[in-house]
1. Once you list every other residue whose beta carbon is under 11 Å from the beta carbon of GLU71, what net charge do they have if Lys and Arg are +1 and Asp and Glu are -1?
2. If you filter the stretch 406-462 for trypsin sites (Lys or Arg not before Pro), then keep DSSP loop positions with at most 15 other Cβ within 10 Å, what is left?
3. Between ASN12 and GLU167, how high is the FRET efficiency from 1/(1 + (r/R0)^6) when r is the Cβ-Cβ distance and R₀ = 35 Å? Nearest 0.05.
4. Please compute the volume of the convex hull spanned by the alpha-carbon atoms of the stretch 216-395 and report it per residue in Å³.
5. Give me the Debye-computed log₁₀ of I(q)/I(0) at q = 0.11, 0.22 Å⁻¹ for the stretch 70-197, equal point scatterers on Cα only, no solvent, two decimals.
6. Compute the relative contact order of the chain as a whole-number percentage, counting only Cα pairs closer than 8 Å that sit 6 or more residues apart in sequence.
7. Run the dipole for the chain about the Cα centre, Lys and Arg Cβ at +1, Asp and Glu Cβ at -1, nothing else charged, and hand back the magnitude in debye, nearest 20.
8. Let me see the pair-distance distribution of the stretch 409-483: every alpha carbon pair, 10 Å bin width, integer percents in order.
Amino acid sequence: MSKENNTFRKFNLDKEILKALNNLEYKRPSNVQTKTIPQLINKNDVIVKSKTGSGKTASFAIPICENINVEDNNVQALVIVPTRELALQVKEEISNIGRLKKVRCCAIYGKQPIKEQISSLKQRVHVVVATPGRIIDHIKRETINIKNLNYLIIDEADKMLNKGFIEQIDTIFENLPKNKTVGLFSATIDEDIEYVCKKYMNEALIIDVEESEAINEKQIDENLIRVDQNEKYNTLKNIIYSENPKTVIIFANTREKVNKIYNQMKRDKFLVRELHGDMSQDKRIYVIKDFKENKFNVLVSSDVAARGIHIENISLVINYDIPRDKENYIHRIGRTGRKDKFGKSISIVTDKDEKYINEIQDYIGYKINEIEKIDEDDIVNGKIKFEGSQIKILKNKRNKDINKKSHSEVTRIYLNAGKKKKIRVLDIVGSLSNLKEINGDDIGVIEVCDLCSYVDILNHKGEQLLKNYKQINIKKKPVKIKRDNQNI
């Protein structure tokens, strides 16, 4: 096999998509991507059975971005997901993959002001990621135009249909054009999914990615350690010190337990944050953003982060509590060992957990390696190193180069004028194009809000623009420009 046949080049993708994938360090397609991308590019309906960690988001994001006509202002793809967290994660991945091609994606979900969403949908939006209830709301209000839709993707279909969303899925399908490509992604295929397939899909190809393919056992070193209940917290600390991970996610089964571990670790001077369902949406988003930007390195989470939260380079996952749902074990450990990276998971098992750990081992089909004892020297030496790494993180806390790492040729700029000053996308394009440093090809995705606007400046032109101008004229009025450091 030639070298090129083992990369994303074999799909004959748009050069801007390939460039974006390279920037994002997508090196080789995973099994699910190899099997799914050509089918969706060729507009064939698919049902994809695949577990977390397999790269399934990119397997539909890449074909969607490839086939988007960026000159067409209509919504061309709709992705339905069960939760707000997943909506934001999928939106981020699609936006990153399509960024250099100028594909604009937005996420709409409940508990977000509908006026903001209506305003966003009035701008050029090519892809919408939505939760079922909120997309139906927009369909009924006629605030979204889906007459030219080419793709409908239903992600985490098993979780959605299990939650009783089947009537909502019916409503969505009934309001979409008949001539579209449907992709359905699920961990399992049950009768609800077969119902959707028979009723709405056209000779769908079933792509079944085996468990061992979805999470490569060699990429995740799975372990367990048996302890008494009263030794759990000390064992947790000893694991962290002896392993000295760059980043670690600790999973607990309840919000209360998450909060208790978080407070204990904070008292013990760990650089730690918590993530659970009782937190506001905005706070959860910023916790994830700060974790990605390496502003802290220990995250204690409930299962809200086990599914749909894609944070690369997690060194270690610790199951402080053994999950009661065996599938959640796979979702949790799938936070590490992503893409071509290697990771480790350690589960802390007490007498009460024996039943659940046995169920998990039956489910995954192999015995998890048991650690008999943690070496005392490893704990002592590791503690010095780990505390040193936390001091370095505190020193670098102002580091905001996350977007530079992804797309170094893109600079996102902030303009202090928006809709309330009658500014439109065309006005911004016109003003920027009149500058000697910029031409139309250098202007990427533009977002116009009520009081401000954001613009992607491509092709390494942003730095010079910001150096030369502190303000530009839009509609004959001075508008201040600066780098956007708040981009998530």
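1. Net charge around GLU71: +1.
2. Sparse-neighbourhood loop trypsin sites (Lys or Arg not before Pro): LYS422, LYS436.
3. Once the sixth-power term is evaluated, E becomes 0.30.
4. Enclosed volume per residue, from the Cα hull, is 115 Å³.
5. -0.35, -1.45
6. On the way: 892 pairs, mean separation 73.2, N = 488.
Dividing the mean separation by the residue count of the chain yields 15 percent.
7. Charge dipole of the chain: 3040 debye, to the nearest 20.
8. 21, 63, 16, 0
Taken together, the values in this text are just the output of simple stated rules run on the coordinates, not laboratory data. Source: prediction; values computed, not measured. Positions of Cβ are generated from backbone atoms using ideal geometry, with glycine treated the same way; all protein chains shown enter the neighbour counts.
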